Every structure is written in structure tokens, then in C-alpha cells.
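First comes the structure, then the notes that go with it.
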Amino acid sequence: MDTLTTSPMESLFPVVPIRDGIVFPGTEMILTFGRQRSVSAIEAAQSSGKKVVLVMQRNSNINDPTPSDLFQIGTVGEIIQMMKNEGEINALVRGISKVEIASYESVEPFYVARVLETGDIVENDTETQALFNHLTNELRRAVKLGKTMDFLTFMNIMSGVTPLVLSYQVASVLDIKPTERQELLEERSVKARLEKEINFIAKEIKILELEKKIATKTQEKFDKNMREQVLRERMKTIEKELGEDDENKEVKELADRIKKAGMPDEVRIKAEKELSRLAQMSQYNPEASYVRTYLDWLVELPWSVASPNNVNVKDAETVLDKDHYGLAKIKERILEYLAVMKLRSQTQDGKKPGKAAPTILCFVGPPGVGKTSIGKSIARSLGRKFVKMSLGGIRDEAEIRGHRRTYVGALPGRIIQGIKQAGTKNPVFMLDEIDKVGADFRGDPSSALLEALDPEQNSAFSDHYLDAPFDLSDVFFITTCNVLDTIPHALRDRLEVIHFPGYTEEEKFHIAKDFLLEKQREIHGIPKDFVRVSNSTLYEILRRYTREAGVRNLERQIASIYRKIARKIADISDRKKIISISPKELHSYLGPYKFTSSLAEKKDEIGMSTGLAWTEAGGDILFIEVTLMPGRGTLTLTGQLGDVMKESGQAALSYVRSRWKLLGLPEKFYQKLDIHIHVPEGAVPKDGPSAGAAIATALVSALTKIPIKRIVAMTGEITLRGRVLEIGGVKEKVIAAHRAGIKTLILPKNNKKDLEDIPKSVTRDLAFHFAEHMDEVLRIALAGHFKKS
């Protein structure tokens, strides 16, 4: 394409977008062009004039940029050499001049733009010359420190160039971001460009100096280790000449430790045998260090060290009440367990004390409800050591049982490591997140846990590394999980499950007031009685900034408030002034509200009902939406629903079709309608039968045009005959409904018994209806007239 000149300063050129590179005037660069628009522009330029405008994209991830995606300032480049290769073009391009794009004249098959040449302002003063000299010296210093750059380019710069040429040459070799290169290109003042480049190269020099310092230290450390090794060998030779043998001394020390360790006879004989092997080995034998490590593990384990078995049920109750608010049923079950432990450890009818109760406790509940912390409280109440082992993500059986000693770097499993860490053979041992144990080709860790958690077997637990039985029967094992479904049946059968429900709003309020406020005050170093948080402020945080079953996010919000208060008072000399936080001031501490005070709908809607769901994080409400369209009777269910929930939708439709006369619908209404049932939050998987009643209600509302009361929520599985069946997770679902501002709840009649577990502070705010049939559900939920069958 011929270059068209419309004025002495304006020209038309093909434009090629570059993702993240810049060709500066007076520099050369090899570029690869693969996009069709770029290839066409390069071919056109090659055939006529060999000149093209190179402009960088604002976002390098855009594959087909528009003119608005390109910077306005670019470079006119001359194609020196070009080579095609499988649809791509490799070209050597030399920058000629800096231009500004005035307008784009065409976009197909490639961009053609009218450009204006923009010259640079060259200040010929002493300051510019000083900057020029300083930048040249800094570049030479960077190269000496190890900066990599083209030798010919470096020699060209050092041979003497003008400040303008130097500024462009240095800009092309600086290790900076593409946007910073663009800023250097757009800078018209040579003096200002030199100043920026001096700052950039100063940063590079600092990094290069640090790298050199690290390399020097590493070499010095290596030389020091070599020197120490030589000196040790010489020292050993001198000691042998003097008759002092450290090896015999070490063997004697290990023999004394084996005697004092209190090992069972079987283990002691094995340890003495290994010690005999060690005594016969040369110090240069690589296996000597493995045997020495193995014996260290054996003698350091608490074979006969145990914490006193002082079980005091009253003291334990005091500790649990002090550390945790609410959880009455859980505390009661734990105290029962401790009472059995106490009775079994006492002498009865002249018989020796028996072992403690063999049950393994399993705490199940959503995150943040106190499962781990209550385990610590149990240990404190018993006066025992507490060990926590997280099982989340473990996929290797050796993590539990250890590696055999034939492997290099072998160690015992994490259970034996935890026992050693505790220093006693009867700690409270918490296995956290037992539901998140994985399995792969390296084995199944949950199967390895069977022996450790089985009271009939764990008196002789066999770790692969120790290769000797260790008695775990005195260990108080506690496991925690969020759900039971992923725990293998054989393992779940060995556990006594205690369910931790989500906290109510009232319980969270007391936890925050009695525990969290004081805890965060101490963590943030704020003087006592310096900050006052009113009750109404705490309730506002609960309702507007948190939505969870536990209290972790609540504690984060309180910590955020105290951080801001700490920032305020850090420089204040007068700390007698009390800071009071009211609900109106929360915005300045925590920002805008994250949740509305009520999640329920603002008005009665046709074709939308409110259901209840159980999740790992507690209960939640969900909305069922139904829309009708002219069609041929197709039923569509969306919202990432599981098979069981899809079947609930089909059952709901069959129920409605069977009741067409009662509902006042045409007999074959479904043949001319397409029905779409959707459950919002489509990215969240949903399944289970308990949404059946809500789906049927929304379907009836859409067909009859009768709105559903916005303050009504429901749950229950339905049958084809319209019966409402019992469901699970009632407590979590009721608490979620209360939290969301629901006033009326419809539950299956057989779930009436489950209301005993729900706090009265929740039940007194809700109206409960217990239904056996969908007809009853519709009469309560629909805002319009519904006939009785």
C-alpha cells in the first residue's frame, strides 16, 4: 500500500496492535505476528513502503482489539527482514519515529490510521547533560552487577550518543512493566524521560546488589560447612589417638535412656537389638544415622508417662460453661461421657479399675460453632494435654501409619508424632475435619484410622515406622466434621455422633458480648473499659454484616472494628476518653451493609415460593420460581439441581395434573404450556426431596394466578397423592427462616416432635403449621381463595 501524504506532518499507515511490547525510535526488535489482521497489515506494508505503525494494547488479553483498546501514541517502524512460518510472520522491525494516531480511516482487512509525527523536546542545558552522564554511569554499573543486555547495544550506548538516542536505547532494555514503557514513549521531554529512567535503573541496581549479596552469603556458608567437616574429621582422629571414643559414649547414653523409657518388654528387646546393631556399625555407615534416629523416636515416646486421671464432673461443667455459651445438649452429653469415665476408673466391688469408656466422640456441625474449641475445654477440664491433627486433604495412608524404615527420610505417622508432642500417653487427641480425608493410589487414610479409633484394637496400634505396638487405649479421641456423608460406614460405625447446630441470633449476641469483645480487645491491646459497644450495635452487626451458622465472621467484624479503634488511639496521649460505638457509626467502621435485615420477599408474588434448605454451614432459605409459556407440555428444571430434586419437580407436576378440577384448571392445561421451574443461585448445587412442597405451591400459584404469601416458608417431601412426608434438618431450617424474617412456617406433621430442640427465642416469633397433605399447604400459603377438597 502506498503511503498517502495529506500534509507535511500527516500520513496514512497500516496499524499493527502489539500485546505488550514497544519498539522505540532508533531501536530494533524481532516481532512475531499471528493474528490475521496483523498478518494482513504486515504483508501490505511489505509490498508498499515497508512502514507500519506499531501500537501497544491497553489489555494484552484481548485477542481482537478495537481502536479504543489501543494507546494513541505509537511508533512508525520499518520492516528490515521478514519470514513467514505456518501462518505466522517473524519480522525484524526498526523504530523510525514517534507518532500520534489522529484517526482511523479503515478497519478491514486491517487498521489504517492517519498519524501525526510528534517530536521530542530536547533541552540542551547543563542539567540534561548531568542526567545523561549519570544514566550512562548507572547503566555501566548495572551491567557490571550482572544485568543482561545485547553487547552491541551496550557498546553503541557507551561509544557516545545524544541524550535523545540514549533515552530511547535505555528505555528498550529496562526491566519494567509494559505500561511504564508506554509512559516513557509518551513522555515528550527528554530531560523528564531521563529522570524516570534513572529511577527505574536505580531499582534494578538495588535488586542486582541483593542477588549478588545472597549469592556471596551462600558461597560463604558452603565454604564454612566444608571447613567444619574437615575439622571434625581431624578432631575424631585426635580423639581416637587419645583414647576418647564418642561412639561408645553415645551407645551408653542410648542404653541408659532405653532403661529409663519404661517401654513394654517386647519393645525394649527390639530397641536393645537395634542398639547392638548400631554399636557394631562404623560411623561412616550411612545406615547408622537411620538406626540412631529410630532409637531416638523409641526412647522419646511417653510409654509410661500419663497425666493424672482426675475426672471431676462439676469442674468440667464449670469449664465448659465458662468457655462456651449455649450448647446445652452437647455439654450434657459430654458430661455424661466424663461421668462414665470416672466411674469406670474407680475400684468397684473389690475389682481393679477398668478402662475408660471406649466411645470415640464425633462432633458434627457447620464451621465456626465451637467444635474444636470445646475439645480444648474438655482437655482443660480433665487436666490433660491437647493435641490437634488436621486430616483435611490427607490422601496418603503413610500420613497416619508412617513410612517403613526402608524409605529414605521415613518418619512415624502423625498419630505417633502427636503422642510424642503431647509428652503423655493419654492426651485429648482431636482429629479435625475427618470428613475431608481423601483416597488415591497411595492408599485410603480412613481405613488406617479404623485401627486407631477402634477401642478393641488400639491397645496395640502398629505404626509402620516403629514396627512395635503402642497402646492408644488411654487416648481420649475426638473427631470433628461438617457432614457425615463422606465418612466411610465402617469408620462412622466406631463413632458416637454429637450434632452441633447453628447458633441462634440470641446465642450469637451473648457469645459476642461475653467472649468475643473481650478476646479481641486483648488481642488488639486496647485498654479495658476504653470502648463501649452497645447491645443494639451488636444486634446490628449480627443482622447487617453476618449471615452464618457459627461466629467466625462475627469475630472478624469485631476485630475489624477494634483495628480501626486501635488506629485512632495509637497517637492519642489522653486515653481516658471513652469511645462508644452506636449502630449509626457502624458504616464508618465496617462499610455499607452486606445483608438486608430480612431476606424474605418484599411483597406477595405469583409463581414464587420460599423453601428451606440444609447446608454444611447450617440452614438457608431458597426461592422456587415457576414461569409458564405457550408450548407443548415441556417441563424444564434449572438451577444445578440434583436427580432427587428434579424428581420432586416431576412429582409436583403430576400432583397438580391430578387435581386439575379442584384447582379450576382445564383438563388438558399442560398440553399447551411449557413449564420452567428455576431455583436461583444456579452456581450452587442443590439436591434432596424436601423442596417438593415449595415446588408444588409455586406451580399451583403460577397456574391459578394466586399470589403466595411472602411471609410463609415451607419444607416437606411430597408424594403423587399429595401427602407431605417427614424431612431432616428441621432445627437448622427453622433458625434460617427466623433469621430471614419469615413469620409463618409450614412443616410436615411428623416433624412436630423436632420443635423441642429449637430455642424458644426462635419459636415464639414464628407461627407453625403442620400439614399432612398439600391441600393444607395451599390453603395456608396462597394469598387468594382455595377450595377444600
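Values in this text are rule-based calculations from the coordinates and carry no lab data. Predicted model only: the values in this text are computed from it and were never measured. Heads up, the Cβs are rebuilt from the backbone with ideal geometry, glycines too, and the neighbour counts pull from every protein chain shown.
Proximity of backbone amide H atoms, modeled 1.01 Å from N, is registered between Val724 and His773, Met774 at under 5 Å, excluding neighbours fewer than 5 places apart on the same chain. The gain in end-to-end length when the Glu123 to Gln671 segment is fully stretched comes to 188.9 nm, 0.36 nm per residue minus the alpha carbon separation.
Find the relative contact order for the chain and round it to a whole percent, using C-alpha pairs within less than 8 Å whose residues are 6+ positions apart. Could the numbers behind the result be given before it?
Numbers: 1378 pairs, mean separation 56.2, N = 789.
Rounded, it is 7 percent for the chain.
Residues in region 525-530 carry Karplus couplings, in order, of x, 8, x, 5, 6, 7 Hz; the curve used is 6.51 cos²θ - 1.76 cosθ + 1.60 with θ = phi - 60°, and Gly or Pro positions show x.
Is region 84-128 rounded, prolate or oblate when judged by the Cα gyration tensor, a ≥ b ≥ c being the square roots of its eigenvalues, rounded requiring a/c under 1.5 and prolate requiring a/b larger than b/c?
Working: a/c = 6.45, a/b = 1.69, b/c = 3.81.
Note, shape of region 84-128 comes out oblate.
The distance linking region 280-328 with region 616-685 is 57 Å (Cα centroid to Cα centroid, whole angstrom).
Set the Förster radius R0 to 60 Å, insert the Cβ-Cβ distance between Glu266 and Arg779 as r into 1/(1 + (r/R0)^6), and round the FRET efficiency to 0.05. It would help to have the intermediate numbers written out before the result.
Numbers: r = 74 Å, r/R0 = 1.23.
So the FRET efficiency works out to roughly 0.20.
If the chain linking Ile62 and Asn535 were pulled fully straight, counting 0.36 nm for each residue of separation and taking away their Cα-Cα distance, it would gain 165.1 nm. Within region 667-783, DSSP assigns beta bridges of which about 35% are antiparallel (rounded to the nearest 5).
How high is the FRET efficiency from Met629 to Glu506, r the C-beta distance, R0 45 Å, rounded to 0.05? Calculated transfer efficiency: 0.50.
A simple spin-label model places pseudo-atoms 7 Å from Cα toward Cβ; at Arg657 and Thr148 they are separated by 7.1 nm. Antiparallel beta bridges, as assigned by DSSP with both residues in the chain, represent about 60 percent of the total such bridges.
Beyond 23 Å between alpha-carbons counts as too far, so tell me which of Lys371/Lys436; Lys371/Lys686; Lys686/Lys733; Lys84/Lys147; Lys376/Lys513; Lys147/Lys206 fall in that bin. The partial results should precede the final answer.
Details: Lys371/Lys436 15 Å; Lys371/Lys686 26 Å; Lys686/Lys733 15 Å; Lys84/Lys147 33 Å; Lys376/Lys513 21 Å; Lys147/Lys206 11 Å.
In this structure, Lys371/Lys686; Lys84/Lys147 exceed 23 Å between Cα atoms.
When only Cα pairs below 8 angstrom with a gap of at least 6 residues are kept, region 722-770 shows a relative contact order of 46 percent.
This model, with +1 at the C-beta of Lys and Arg and -1 at the C-beta of Asp and Glu, gives the chain a dipole about its Cα centre of some 2760 debye. Contact order, relative form, for region 361-432: 40 percent (alpha carbon pairs under 8 Å, 6 or more residues apart, mean separation divided by residue count). For Lys577, the aspartates and glutamates whose Cα falls under 19 Å of its own Cα, not counting residues fewer than eight places away in the same chain, are Glu518, Glu522, Asp529, Glu585. Backbone N atoms of region 45-67 closer than 20 Å to the 7 Å Cα→Cβ label point of Glu100 belong to residues 53-58, 67. Using a cut-off of under 17 Å, list every residue of region 485-518 whose amide N is near the label point 7 Å from the Cα of Thr359 along the Cα-to-beta-carbon line. Correct set: 492-501.
With each label modelled as a point 7 angstrom along the Cα→C-beta vector, the Thr237-Leu116 pair spans 8.4 nm. Phi angles of region 51-63 translate, via the Karplus equation with coefficients 6.51, -1.76, 1.60 and θ = phi - 60°, into HN-Hα couplings of 10, 8, 8, 9, 10, 7, 6, 6, 10, 6, 7, 7, 7 Hz per residue; Gly and Pro are given as x. Only one of the values (1) 38.3, 117; (2) 28.5, 98; (3) 27.8, 84 was calculated from this structure for Rg and Dmax of the Cα atoms in Å; name its label. Computed from the coordinates, Rg and Dmax of the Cα atoms in Å corresponds to (1). Near Gly619, the amide H atoms lying under 5 Å from its own belong to Ala736; only residues 5 or more places off or on other chains count, and H is placed 1.01 Å from N.
In this simple spin-label model, placing a label point 7 Å from the Cα along the Cα-to-Cβ direction at both His499 and Arg188 gives a separation of 7.5 nm.
Report the extension gain between Ala306 and Lys84 in nm, rounded to one decimal, defined as 0.36 nm multiplied by the number of residues separating them, less their alpha carbon distance. Before the final figure, lay out each step's value.
Numbers: separation 222, 0.36 × 222 = 79.92 nm, distance 7.87 nm.
Taking Ala306 through Lys84 to full extension adds about 72.1 nm, to one decimal.
Considering only Gly619, Ile62, Ala570, the residue lying farthest towards the positive end of the dipole of the chain is Gly619, judged by Cα position with unit charges set on Cβ. Between Lys203 and Tyr593, the FRET efficiency from the beta-carbon distance, with R0 = 41 Å, is close to 0.45.
Once you charge only the Cβ atoms, +1 for Lys and Arg and -1 for Asp and Glu, what is the size of the charge dipole of region 719-789 about its Cα centre, to the nearest 20 debye?
Working: 14 positive and 9 negative charges, 42 e Å.
So the magnitude is around 200 debye.
Each residue of region 712-726 was assigned a 3J(HN,Hα) from its phi angle through the Karplus curve 6.51 cos²θ - 1.76 cosθ + 1.60 (θ = phi - 60°); the sequence is 9, 10, 8, 8, x, 7, 10, 9, 5, 8, x, 6, 9, 9, 5 Hz, with glycine and proline shown as x.
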